[in-house]
Amino acid sequence: MNVKFLGAAMSVTGSCYLITTDKHSFLLDCGQFQGSKALEKLNFGDLGFDPAKIDFMILSHAHVDHCGRIPLLTKRGFKGKIFCTDATADLVEIMLKDSGHIHEMEAEWDNKKAERAGRPLVQPLFTVEEAAASIQYLAPVLYEQLIDINPDIRLRFRDAGHILGASIVELWINEGDSSSKLVFSGDLGLKNKPILRDPETVDEADYLIMEATYGDRQHETLKESLEQFMEIILKTVRRGGTVVVPSFAVGRTQELIFELSRFYEKDEEFRKTMEDVMVYVDSPMATSATEVFRKNVQDFDDETKELILKGESPLDFKNLRFTRSVEESKELNMNREPKIIISASGMCDAGRIKHHLKNNLWNEKSSVIIVGYQAQGTLGRSLVDGVKNVSIFGERIHINAEIYDLEGFSAHADKEGLLEWLSAFKKAPRKIFLVHGEEKAKNAFAETVRQVLGYNCTVVEDVSEYNLALDERTTIQDVRSRIAKGAEMFKVRDKVAQVHDEVEAILANTNIAIEEAIPAEKMDEISNTILELEKATLKLGALVTKAPQ
């Protein structure tokens, strides 16, 4: 049996693993790369396999970095079943259609600029229609249900406690005269979080593919983050500002609604100060996702179920408003009354949140609260890193608003949570592969596991393939020491993309003085040269990751 890591290897996003046995080929996840422009361009590249030859797919959960390339699979020939939990199936339909809409809008925007610059037009990664067509392949099942996919492979989902429907994947695989158990952790959640159950544990596996997003750090507790959250809101509202919360539409938004409902109902100081202050969820997808949460109460934890049985509505309160239309969204930035705006995307790189940031980052009365992971190269990461100026829709914004990063709201287990989950195994798996983390986080967690549990972990850092029977890498040479590490290649690609964007901005906003100094033909030549350099860099990156042993 072979496992090929095709995503979430050099970065946190793009989850995709190809498993091949003597009879079958199947996928664990097929997600989009998210973050820098160079990273997102990988979505348009070769998948690394022929979709028509994949027998089936197993989906851990509905976040786009795990499910976002499913429409590419189906339009390129995949016809098999996509196994997932029932709640995941409900959410995936929302996520993929919304993603298709974003890709269509981005392509339309890029093509307007391309036409002005005389460049070829681009196609969206996939359309809303293609996303809708892919939904028919979803095959929802229940947690704990044992599924015989075929005579050689059996599947069971366990609750990962990450978002609604998120699962740990257990696979029992027969190959010839031997059998083995493969476990994929998916994204593991934190214990004692509202609404969802705690992550379940697994006690044995021959091979483990495990996430390590926060493998190098300990989160502040949810209680600490909640206290800060309340203090920031009260302070901002009292000075007449707006609180902007970039939030993932699925999971994080519903948790924030739950906690705010507690504030309004249980805390007297908060209730008095915020009596007339509205909370707006400005994301059509978050609105739809909240409706999915409300109809999947079977997956809630006991505390939340008890509240519902008492007649309470933990995902609703009198000051909460959901906005769907563009007009309603625009009105929020025209209204100067103190308020809370929760909007997607969670990494601030797309959607309505960019408009709210543009209208509030310059305002010293306002606050921005980051409540989730921010990938390298995203606007959200820049805010967390403390930059003083950002560019949004081509406009330079100087940051005067207060920026806060509250890790206690994270949907990912931290170092201690990951270690506790791994400690539940009765014995060390034959092989542990660490994925879904920046290089520093994965290496730090591997060392922690070695010191505490005595287990050796393989840190996956590039596109690579392993023969599990031999416990060795079989087809991809580790050329990073001779040429460049994958992370370094991304830095080069990002720099090239940045230069191109800067020159493109000049081309799009050329005035008479520049035209007289530099002929239009010469400017076109510069732009084309940078485009060719960008393509060459991407090709070099492909050579680095595909070099033969």
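Only the coordinates and a few stated rules stand behind these numbers; no lab work does. Note that the structure is predicted; figures quoted are calculated from it, not measured. Quick reminder, even Gly has a Cβ in these numbers, built from the backbone with ideal geometry, and neighbours come from all protein chains shown.
Provide Ser25, Ser185 in ascending order of the number of other Cβ atoms located within 10 Å of each residue's Cβ, fewest first.
Ser25, Ser185
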Checklist outcome for this item: Length gained, Trp109-Glu204, 0.36 nm per residue minus C-alpha separation, equals 29.2 nm
Item to check | Paramagnetic label zone (point 7 Å from Cα along Cα-to-C-beta, Asp276; backbone N under 17 Å) in the range 225-239 | outcome: 237-239
Checklist entry - Can you give the FRET efficiency for Lys53 and Thr221, using 1/(1 + (r/R0)^6), R0 = 35 Å, r = Cβ-Cβ distance, to the nearest 0.05? => result 0.15
Checklist entry - Given H placed on each backbone N at 1.01 Å, which residues far from Ile209 in sequence or on other chains put an amide H within less than 5 Å of it? => result Val183, Phe184, Ser185, Phe433
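Of the listed peptides 204-210, 447-453, 112-118, what is their order by residue-averaged count of other C-beta atoms within 10 Å, with the highest listed first?
Peptide ranking by packing, descending: 204-210, 447-453, 112-118.
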Next on the checklist: Give me, ordered by chain and number, the residues 5 or more places off Asp316 or on other chains with an amide H under 5 Å from its own placed amide H.
Outcome noted: none
Item to check | Order of Arg352, Arg217 under a 10 Å beta carbon neighbour criterion, fewest first | outcome: Arg217, Arg352
Item to check | Ordering of 58-66, 191-199, 306-314, 333-341 by packing [mean C-beta count within 10 Å, highest first] | outcome: 58-66, 191-199, 333-341, 306-314
Item to check | Cβ-placed point charges (K, R +1; D, E -1), dipole of the chain about Cα centre in debye, nearest 20 | outcome: 480
Next on the checklist: Using a Förster radius of 41 Å, what is the FRET efficiency between Lys75 and Glu303 based on their Cβ-Cβ separation? Nearest 0.05, please.
Outcome noted: 0.45
Checklist entry - Can you give the % of DSSP beta bridges in the chain that are antiparallel, to the nearest 5? => result 50
Checklist entry - Under a 5 Å amide H to amide H cut-off, with H placed in plane at 1.01 Å, what residues pair with Thr85 once short-range neighbours are removed? => result Val141
Checklist entry - Let a ≥ b ≥ c be the square roots of the eigenvalues of the Cα gyration tensor of the range 269-409; is it rounded (a/c under 1.5), or, if not, prolate (a/b larger than b/c) or oblate? => result prolate
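With +1 assigned to the C-beta of every Lys and Arg and -1 to the C-beta of every Asp and Glu, and no other charges, what is the dipole magnitude of the range 214-346 about the Cα centre in debye, to the nearest 20?
Approximately 420 debye in magnitude.
Any idea what diffusion coefficient the chain gets from Stokes-Einstein, in µm²/s, Kirkwood Rh on alpha carbon pairs, 20 °C, 1.002 mPa s?
Using the Kirkwood radius from Cα pairs, D works out to 87 µm²/s.
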Next on the checklist: For a quick check: sort Asp22, Asp29 by the number of other beta carbons within 10 angstrom, fewest at the front.
Outcome noted: Asp22, Asp29
Item to check | Ordering of 227-233, 160-166 by packing [mean C-beta count within 10 Å, highest first] | outcome: 160-166, 227-233
Checklist entry - Which of the lysines could a cross-linker bridge to Lys191, judged by Cα under 16 Å and excluding same-chain residues fewer than eight apart? => result Lys223, Lys415
Checklist entry - Under 20 Å from the Cα of Lys330, which lysines turn up, not counting those fewer than eight places away in the same chain? => result Lys339, Lys354, Lys358, Lys365
